[in-house]
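A.B. asks: Sharing a structure below in structure tokens format, with a few things to ask.
The values are calculated or read from the model by the stated rules, or taken from the named source; none is laboratory data. Just so it is clear, the model here is predicted, and its values are computed rather than measured. Don't worry about glycine lacking a Cβ; one is built from the backbone with ideal geometry, like all the others, and counts go over all protein chains shown. Areas reflect the complete protein model, heavy atoms only, side chains present, ligands, DNA and RNA absent. Shrake-Rupley method; radii C 1.70, N 1.55, O 1.52, S 1.80 Å.
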Amino acid sequence: MKNTRTFIKSAISIIVVSAFMACNDDFLEQLPETEIGAEKFFNTEEDLAIYINSLYNFPGIELYSEDEATDNMATTGNREIKTIMTTDASSTSITNGWDWGQLRDVNFFLEHVGNAKVTDEIRNHYIGVARFFRAQFYMEKVKRYSNVPWYDFVLGTSDDDALFKSSDKRETVIANVFEDYRFALENVMEDTPNGAVNKWVIASYYGRSALYEGTFRKYHGELGLEATANDYLQLAHKVSKEIMDNGGFSIYNTGNPNSDYHTLFESQDLTGNPEIILANYFERDLKNASDPQYMFGSYEGGPARDLVVSYLMDDGAYFSEQPNTDTMMFVEEFEKRDPRLSQTFAFPGWELFYTSTYSPGNTNYVQELKKNFTGYHQIKGFLNNASNDVRSGVDIPVLRYAEVLLTYAEARAELGTLSQSDLDISINVLRDRAGMPHLTMSASLDPYQAEKYPQVSNPLLLEIRRERRVELALEGRRLDDLNRWAAGKAMEEEPVGMYFPSLGKFDLTGDGIEDIVLLSDSELAPEPKETNSLGATLIYYTTGNIGSISADVYLTNGTSGHVIATPERGIFQEPKHYYRPIPAPDMALNPNLEQVFDWK
């Protein structure tokens, strides 16, 4: 674990990743492979680029599983928020996050970039990129700890007094963060290679962070910063509008509402896609992507029914207005819905093209049922292709223009300045791709949304939150959103899956022909197993209550009800659980640090 001791390193050398060093053979002959004197390294633009590239840490395929343990997704795996809610968590058990190596690397660069023999424009570009990474670093620290020590210089040896300073207030740190963003936006070049940080990458993260801070201050009275919330919401609006007006991006829309959205998450080549602001590009045998098969089926995560319920009907009506939604079965709940639902979840009749560890292949996929999983399966980010060459080359859309539009609309709504024209250049552009009716200023209140966000009574803001949840579903944004909206209590609801009214035979592919049979946990499947009218062998599952040893799947009523995913979601303590404890070893190293909001 990295901690405060990361600072206690010599300031006369840097560690350079060997992959970057391999680009310059002469350089390797002159200097050791692990220690390079700063005075001999920061000389050319190539040196600056090599160092800056080593700071890149944008997400890969793991992006698609980061919603686990929120109301979007159940999980059998270990997630920090799950541990916090279900155990007596403390600074001795929550020990991640207090690492400072990235900050030291950024500050080291900033202290030596002046040595390079380059133009001021080039120097300021690289300074801007470094300050962007520092802003990103500190934004994540503020999200976790609120108050943290601010350092804009490289710390020295263990007797440096600065090592033992107390935390700076959130307001001070955030002011510095946004000064870094401002400088970066003004100096980082617009034209950079694919996958590199440019002006619009800076602007997108700038807007995202401004929206986060503005809404966090608005909804978190424990900070006492509500009076300054609008400053950041106005900034989120301003920066997003600049991207919209001058960035040259647009929503990917070929006129195919049943496939355009999903195409973004299975593409082997996102270069040239008008929606992509930043992607993590992968190429077979050069930079292989992780195989996405693990996210499908029953590995750790299982999308929750609560996410399914949030999608509108295809005519724009609220799903909550439909009759008997709580007892609606799998095939019916996918009928006449927002097309993005069937481009995010495996739907009735979806075809699986190959067999893998976590996905038993067959033509029309029959949803697999299993203990502790919902029965719903994620296809967003899952590359449905038998070729390993294809799967290892899928690109990851790190920043999409869609999020910029959502940031713009939400900021306007939070400021109370939203108009129909605002909706038409943001939310309704996204709905056009999905072939969905437009959102209008006369939207009515959806009781489902109102119950989920009791602090909000504005129907339009609730619909913008729905649109954000649906458009960015399973892209790793949900926990941040729930935190900034002070909606952590939504994660207390136990995640459930599809509904079965009884034991017996059921169709899961939508063709009206039974695919599975549910038995009680006291029954055995017959031998030979029965076949359906298509000649396919029926799949048998035994059901029971939680704890039944012989049950293949748990139902809420034992022999009927919703599939039960991971039980015991625990308690979300407000405001404590919106923050994290400074790890105990680091508190011991620096007794001037203080925990926030009842963390021990």
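A.B. asks: Under 6 Å by Cβ, and 6 or more places apart or on different chains, what pairs join a residue from the stretch 343-354 that is touching a residue at least 40 places away in the same chain (Cβ under 8 Å) and farther than 11 Å from F382 by Cβ with one that is among the aliphatic types (A, V, I, L, M) and buried (at least 18 other Cβ atoms within 10 Å of the Cβ)?
C.D. replies: Filtered contacts from the stretch 343-354: P348/V331.
Residue-by-condition table, conditions (1) closer than 27 Å to V197 by Cβ; (2) surrounded by 13 or more Cβ atoms within 10 Å (Cβ to Cβ); (3) modelled with pLDDT under 95:
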{"position": "E29", "(1), (2), (3)": "no, no, yes"}
{"position": "D47", "(1), (2), (3)": "yes, yes, no"}
{"position": "Y51", "(1), (2), (3)": "yes, yes, no"}
{"position": "A89", "(1), (2), (3)": "no, yes, no"}
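A.B. asks: Here's a follow-up. Can you pull out every residue in the stretch 119-175 that is charged (D, E, K, R) and assigned to a loop (DSSP other than H, G, I, E, B)? Talk me through it step by step, then tell me what you get.
C.D. replies: Initially, the stretch 119-175 is screened for residues charged (D, E, K, R), giving 120-121, 123, 131, 134, 140-141, 143-144, 152, 159-161, 165, 168-171.
Result: D152, D159, D160, K165, K169.
A.B. asks: Right, another one. Could you list all residues from the stretch 570-585 that are open to solvent by 10 Å² or more (accessible area, probe 1.4 Å) and not small (G, A, S)?
C.D. replies: I571, Q573, E574, P575, K576, R580, P585
A.B. asks: Right, here's the next one. Between A38, A22, which is at negative phi and either open to solvent by less than 40 Å² (accessible area, probe 1.4 Å) or modelled with pLDDT of 90 or more (or both)? Before the answer, list the steps.
C.D. replies: Working: A22 fails: either open to solvent by less than 40 Å² (accessible area, probe 1.4 Å) or modelled with pLDDT of 90 or more (or both).
Sole residue among the options that is at negative phi and either open to solvent by less than 40 Å² (accessible area, probe 1.4 Å) or modelled with pLDDT of 90 or more (or both): A38.
A.B. asks: Consider the stretch 146-178. How many of its residues are farther than 30 Å from N198 by Cβ, modelled with pLDDT of 95 or more and open to solvent by less than 20 Å² (accessible area, probe 1.4 Å)?
C.D. replies: The qualifying residues number 2.
A.B. asks: Follow-up. Checking L474 against (1) in a helix (DSSP H, G or I); (2) touching a Phe, Trp or Tyr at 6+ places or on another chain (Cβ under 7 Å); (3) in contact (Cβ under 8 Å) with a residue 24 or more places away in the chain; (4) hydrophobic (A, V, I, L, M, F, W, C): exactly one of these is not met. Which one?
C.D. replies: Just one mismatch for L474, condition (1).
A.B. asks: Also, quick follow-up: From T531, T543, T566, which residue is modelled with pLDDT under 95 and in contact with a strand residue (DSSP E or B) (Cβ under 7 Å, 6 or more places away or on another chain)?
C.D. replies: T566
A.B. asks: Could you say which residue among N384, N324, N362 is at pLDDT 95 or above, more than 20 Å from N72 (Cα to Cα) and either surrounded by fewer than 24 Cβ atoms within 10 Å (Cβ to Cβ) or touching a His at 6+ places or on another chain (Cβ under 6 Å) (or both)?
C.D. replies: None of the other options fit; the residue is N324.
A.B. asks: Could you tell me whether R431 is assigned to a helix (DSSP H, G or I), touching a His at 6+ places or on another chain (Cβ under 8 Å) and open to solvent by less than 40 Å² (accessible area, probe 1.4 Å)?
C.D. replies: yes
A.B. asks: Those residues that are hydroxyl-bearing (S, T, Y), touching a residue at least 40 places away in the same chain (Cβ under 8 Å), closer than 21 Å to K505 by Cα and open to solvent by 10 Å² or more (accessible area, probe 1.4 Å), I need them from the stretch 538-569; list them, please.
C.D. replies: Once the filter is applied, which keeps residues that are hydroxyl-bearing (S, T, Y), touching a residue at least 40 places away in the same chain (Cβ under 8 Å), closer than 21 Å to K505 by Cα and open to solvent by 10 Å² or more (accessible area, probe 1.4 Å), the stretch 538-569 yields Y541, Y554, T556, T559, S560.
A.B. asks: Every residue in the stretch 441-465 that is more than 24 Å from the chain's Cα centre (by Cα) and either assigned to a helix (DSSP H, G or I) or under 11 Å from S310 (Cβ atoms) (or both), please.
C.D. replies: If we filter the stretch 441-465 for residues that are more than 24 Å from the chain's Cα centre (by Cα), which is where we start, we get 441-447, 457-459.
D446, P447, P459, listed by residue number.
A.B. asks: When both residues are 6+ apart or on different chains and their Cβ atoms are under 7 Å apart, which pairs have a first residue that lies in the stretch 316-342 and is over 18 Å from E471 (Cα atoms), and a second that is of a type in the set (F, W, Y) and open to solvent by less than 20 Å² (accessible area, probe 1.4 Å)?
C.D. replies: T325/F319
A.B. asks: What are the pairs, 6+ residues apart or on separate chains, where a residue within the stretch 243-256 that is open to solvent by 50 Å² or more (accessible area, probe 1.4 Å) has its Cβ under 7 Å from a residue that is of a type in the set (K, R)?
C.D. replies: N253/R433
A.B. asks: Exactly one condition in (1) at pLDDT below 95; (2) surrounded by fewer than 20 Cβ atoms within 10 Å (Cβ to Cβ); (3) in contact with a Lys or Arg (Cβ under 8 Å, 6 or more places away or on another chain) is false for P193; which is it?
C.D. replies: (3) is the only condition that P193 fails.
A.B. asks: Something else: Report every pair of residues separated by at least 6 positions or lying on different chains whose Cβ atoms are under 9 Å apart, first residue within the stretch 93-121 and under 18 Å from F153 (Cα atoms) and open to solvent by 40 Å² or more (accessible area, probe 1.4 Å), second in a loop (DSSP other than H, G, I, E, B) and of a type in the set (G, A, S).
C.D. replies: D105/S54; E111/A11
A.B. asks: Something else now. Name the residue that is nearest to Y138 (Cα to Cα), counting only residues in the stretch 172-199 that are among the aromatic types (F, W, Y) and touching a helix residue (DSSP H, G or I) at 6+ places or on another chain (Cβ under 6 Å).
C.D. replies: Per the stated criteria, the residue is Y181.
A.B. asks: Can you find even one residue in the stretch 212-223 that is buried (at least 24 other Cβ atoms within 10 Å of the Cβ) and of a type in the set (G, A, S)?
C.D. replies: yes
A.B. asks: Return yes when T417 is in a loop (DSSP other than H, G, I, E, B), surrounded by 24 or more Cβ atoms within 10 Å (Cβ to Cβ) and not aromatic (F, W, Y) and no when it is not.
C.D. replies: no
A.B. asks: Check R468, R412 and return the single one that is within 20 Å of the chain's Cα centre (by Cα), at pLDDT 95 or above and not aromatic (F, W, Y).
C.D. replies: Numbers: R412 fails: within 20 Å of the chain's Cα centre (by Cα).
Result: R468 is the single residue among R468, R412 that is within 20 Å of the chain's Cα centre (by Cα), at pLDDT 95 or above and not aromatic (F, W, Y).
A.B. asks: Another one. Which residues, counting only those in the stretch 273-319, are at pLDDT 95 or above and either touching a Cys at 6+ places or on another chain (Cβ under 8 Å) or among the polar types (S, T, N, Q) (or both)?
C.D. replies: Passing the criteria: N273, S310.
A.B. asks: Given the residues F500, F506, which is the only one that is among the aromatic types (F, W, Y), within 27 Å of V553 (Cβ to Cβ) and open to solvent by less than 10 Å² (accessible area, probe 1.4 Å)?
C.D. replies: Working: F506 fails: open to solvent by less than 10 Å² (accessible area, probe 1.4 Å).
Testing whether each residue is among the aromatic types (F, W, Y), within 27 Å of V553 (Cβ to Cβ) and open to solvent by less than 10 Å² (accessible area, probe 1.4 Å) leaves just F500.
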